[in-house]
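Take a look at the structure below.
The values are calculated or read from the model by the stated rules, or taken from the named source; none is laboratory data. These numbers come from a predicted model, not from an experiment. All Cβ positions, even for glycine, are placed from backbone atoms using ideal geometry, and neighbour counts span all protein chains on display. Heavy atoms of the whole protein, side chains included, go into the accessibility calculation; ligands, DNA and RNA do not. Shrake-Rupley method; radii C 1.70, N 1.55, O 1.52, S 1.80 Å.
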Amino acid sequence: QVQLVESGGGLVQAGGSLRLSCAASGRTVGTYNMGWFRQAPGNERAFVAAITWGGRSPDYVDSVKGRFTISRDNAKNAVYLQMDSLKPEDTAVYYCASTRGPTMRYETVDYWGQGTQVTVSS
């Protein structure tokens with residue numbers, strides 16, 4: 001069993017930055033691939049970024065490339081999402097996710113966090 005708890009959401013003006021954190025607990029959390037999804041009102045939950053258990057091969061949805069950076073610290077059982085140059089369309093609830101599978105997709109997620117709200121004002 002893995003438990004994920006997000007923090008760091010909030011209200012920010014367009015062009016600003018936020019850093020989301022995800023604290024993971026569980027005996028084998030360091031072997032999971034980790035990622036972030038987001039869900040805006042009326043939309044499906046969508047992939048944002050992912051990173052392998054070894055911290056390699058970060059992957060991003062095209063709309064956040066060059067603005068968001070995913071990282072992890074296995075010693076702290078944590079994964080982070082640094083979000084820069086935020087836009088109003090980034091407004092959503094952001095969810096931390098983990099998977100034992102090779103790819104981070106909604107269908108392959110084993111565990112979800114409870115979500116943290118990010119609101120970007122124009």
> For the chain, what number results from the quotient of the Cα radius of gyration and 2.2 N^0.38 Å?
Replying inline: 0.97
> How many nm separate the modelled label positions at VAL5 and ASP84, each set 7 Å beyond the Cα in the direction of the Cβ?
Replying inline: 3.0
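Can you send over the carbon and sulfur percentage of the accessible area for the chain, probe radius 1.4 Å, protein chains only?
48
Hey, what's the chain come to in accessible area per residue, 1.4 Å probe, Å²?
On the way: 6340 Å² over 122 residues.
On a per-residue basis, the chain sits at 52 Å².
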> Taking the simple approach of a point 7 Å from Cα along Cα-to-Cβ for both ASN77 and ASP110, what is their distance in nm?
Replying inline: 1.4
